[in-house]
Amino acid sequence: MQKKFLKNLIFLLFLNLLVKPFWILGIDRQVQNVTGTQEYGFYFAIFNFSYLFFIFLDLGITNFNNRNIARNNHQLKEHFGGMATMKLLLGFGYGILVFVVASLIGYQGHQLYLLAWVGFNQFLLSFILYLRSNISGLLLFSTDSVISVMDRLLMILFVGILLWTGVFGHRFSIEWFVYAQSLAYFLTACFALMIVLRKSGKLRLHWDFSFFKMILRKSLPFALLVLMMSFYSRMDSVMIERLLPRPLGDLQAGVYALAYRLLNAAQNIAYLFAILLLPLFSKMLKERKPVDGLVRLSFSILMSGALIMAVVTHFFAKDIMLLMYSQHSGETIIAFDLRIKQSAFIFKLLMWSFVGVSSNYIFGTLLTANNSLKTLNAIALLGLLLNFSLNWILIPKYHAVGSAVATLATQLVTALLEVIFAFAVLRLKNRMGMWLRLLLLFAGTFLMALVLQQVNFGSWELRLVLLAALGLLLGIIIKALDVRQFVDILMDKADKDNY
């Protein structure tokens, strides 16, 4: 399983690093620069509001299905028709729920119009993720990897044409951005559906109340977990926009989005680990195979990268923000400088929270595969209460910065709890060497950053690349990233019991 994980991780990372950085830095960033911080902040708040209810499009079906198909491949043909029917019904329910809640909290007019399109996109995305759960559950990771970047490739094409060709002869608006997403998601869903139909046979939509009841009963613990995690991960911009008066709320949500975009990019990479690990952990636990080796392998790779990334961005946050974002038309240089300084500080806090996020993607996935959902739900509830309370207290006084502090505290607390319970529940072997190597990697990279800052040679881009390379080299030297072990696993030479 370690070999399968490493080979597919390399392929998945290659595709995503090829496509998604260009989407985030070349397209999504440019959309915000063209539309302006306030208009993009308006969209960002609407998007995150729709995402708060994303779980009602799914109710845990995707995670349950991924785990179930990995353990019982034959059930794809039995369940696909009923599951697809459920997804359509949940889509209607989601739409009604989102519009009711949006109306109650004061959304109206153009806000509701944009919410309708964004909500439709969320439905398409949810359906794609469900289809992918069948594909990855069958351990067809290469096919799933291609589908994972297909929507972004199409968006790059569509939005790029709208941004840079001027083919329609009008100013680019945030609505065009949303329409392009709709078309890209729709085409990706059609392609994924064809792949699944090749394995399941003809799709027959049918109403079966007893089947729905059975699936919901099994998937609801997953739904509750995802719901609470979605709230404490995505409520930030919504609370910023709602707790602060307009237009300050839209503006601060936009400032938060400047920094959050890069955290989201990093999370997309970390999420790839969870995609691969959930079916692998599920299959290994069912077959009573030890998971210690795969846990340490995946954790050391992801956590090493997260620590290096956090240190690098801590020292170069403002430079990165200045590189990515330009001064808006009509914006004074003082306002621009203030916006960049604020977003840079938020960026630092969010990237330190990524260390906690990375840990959660390993140990949270392991506990999910073990069906330890009561434990995970208790941790998620604590995270939700902590995040909401801190946002409520900090946003009115510190605006978007207060929300970033809330995110950092929440992610680190939940990460620590998940590590503790994963080791206790699954009786993992606690090898102190792994933790000491990661601590040494962090300390060494931070010290090298301080030295580079004092030397101050060359451009900041050169120093950033050099620091990242030195951090990677240090990780290899101290075996936080054991290259020889990786090669041995790929060549089937690894002593799996000793890793």
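The values are calculated or read from the model by the stated rules, or taken from the named source; none is laboratory data. What you see is a predicted model, and the numbers here were worked out from it, not measured in a lab. Cβ atoms come from the backbone with ideal geometry, glycine included; neighbour counts cover every protein chain shown. Ligands, DNA and RNA are excluded from the accessible area calculation, which covers all protein heavy atoms including side chains. Shrake-Rupley method; radii C 1.70, N 1.55, O 1.52, S 1.80 Å.
Confirm whether Leu131 is modelled with pLDDT of 85 or more and either buried (at least 22 other Cβ atoms within 10 Å of the Cβ) or more than 27 Å from Leu243 (Cα to Cα) (or both). Steps first, please.
On the way: modelled with pLDDT of 85 or more: yes; either buried (at least 22 other Cβ atoms within 10 Å of the Cβ) or more than 27 Å from Leu243 (Cα to Cα) (or both): yes.
Yes: the conditions hold for Leu131.
Identify, from the list Ile46, Ile24, the residue that is crowded, with 22+ Cβ neighbours inside 10 Å and touching a residue at least 60 places away in the same chain (Cβ under 8 Å). Give the derivation first.
Values: Ile24 fails: crowded, with 22+ Cβ neighbours inside 10 Å.
Matching residue, one of Ile46, Ile24: Ile46.
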Quiz item: Taking Met235, is it crowded, with 21+ Cβ neighbours inside 10 Å, modelled with pLDDT under 80 and under 19 Å from Leu408 (Cβ atoms)?
Solution: yes
Exercise. Would you mind telling me which numbered condition in (1) closer than 19 Å to Gly26 by Cβ; (2) at pLDDT below 90; (3) part of a helix (DSSP H, G or I) Phe347 fails?
Key: (2)
Practice problem: Please give the number of the condition Asn66 fails out of (1) more than 18 Å from the chain's Cα centre (by Cα); (2) part of a helix (DSSP H, G or I); (3) over 30 Å from Trp176 (Cα atoms). | Solution: (1)
Quiz item: Mind checking which pairs have a first residue in segment 4-15 that is closer than 12 Å to Leu294 by Cβ and a second that is modelled with pLDDT under 70 and aromatic (Phe, Trp, Tyr), Cβ under 9 Å, 6 or more apart or different chains?
Solution: Leu6/Phe486
Quiz prompt | Residue list for segment 341-391, restricted to those being polar (S, T, N, Q) and more than 21 Å from Arg71 (Cα to Cα) | solution = Gln342, Ser343, Ser353, Ser358, Ser359, Asn360, Thr375, Asn377, Asn387, Ser389, Asn391
Quiz prompt | Out of Lys213, Lys286, sole residue that is open to solvent by 10 Å² or more (accessible area, probe 1.4 Å) and either modelled with pLDDT of 85 or more or within 30 Å of Leu89 (Cα to Cα) (or both) | solution = Lys213
Quiz item: Restricting attention to segment 57-83, which residues are surrounded by fewer than 20 Cβ atoms within 10 Å (Cβ to Cβ) and either small (Gly, Ala, Ser) or closer than 18 Å to Val226 by Cβ (or both)?
Solution: Gly81, Gly82
Practice problem: Can you confirm whether segment 358-367 contains a residue that is part of a loop (DSSP other than H, G, I, E, B) and open to solvent by 10 Å² or more (accessible area, probe 1.4 Å)? | Solution: no
Quiz prompt | Residue list for segment 102-118, restricted to those being among the aliphatic types (A, V, I, L, M), more than 25 Å from the chain's Cα centre (by Cα) and assigned to a helix (DSSP H, G or I) | solution = Leu104, Leu112
Self-check item: segment 192-210 - residue that is open to solvent by less than 70 Å² (accessible area, probe 1.4 Å) and more than 14 Å from Lys77 (Cβ to Cβ) and, of those, modelled with the lowest pLDDT
Solution: Asp208
Exercise. Select from segment 432-478 the residues that are among the polar types (S, T, N, Q) and over 28 Å from Leu416 (Cβ atoms) and write down the one among them that is least open to solvent (accessible area, probe 1.4 Å).
Key: Ser459
Quiz item: Condition test on Leu350, is it open to solvent by less than 10 Å² (accessible area, probe 1.4 Å) and free of Cβ contacts under 8 Å to residues at least 60 places away in the same chain?
Solution: no
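Over 22 Å from Phe315 (Cβ atoms), among the small types (Gly, Ala, Ser) and touching a residue at least 60 places away in the same chain (Cβ under 8 Å), is that true of Ala415? Outline the logic, then answer.
Numbers: over 22 Å from Phe315 (Cβ atoms): yes; among the small types (Gly, Ala, Ser): yes; touching a residue at least 60 places away in the same chain (Cβ under 8 Å): yes.
Considered against the rule, which asks whether it is over 22 Å from Phe315 (Cβ atoms), among the small types (Gly, Ala, Ser) and touching a residue at least 60 places away in the same chain (Cβ under 8 Å), Ala415 comes out as yes.
Out of the residues in segment 319-340 that are closer than 17 Å to Gly41 by Cβ and of a type in the set (D, E, K, R), which is surrounded by the most Cβ atoms within 10 Å (Cβ to Cβ)?
Arg339
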Quiz prompt | Filter result (within 25 Å of the chain's Cα centre (by Cα) and part of a loop (DSSP other than H, G, I, E, B)) within segment 284-302 | solution = Val291
Quiz item: So, of the residues in segment 413-431 that are open to solvent by 60 Å² or more (accessible area, probe 1.4 Å) and in contact with a Ser or Thr (Cβ under 7 Å, 6 or more places away or on another chain), which turns out to be modelled with the highest pLDDT?
Solution: Phe421
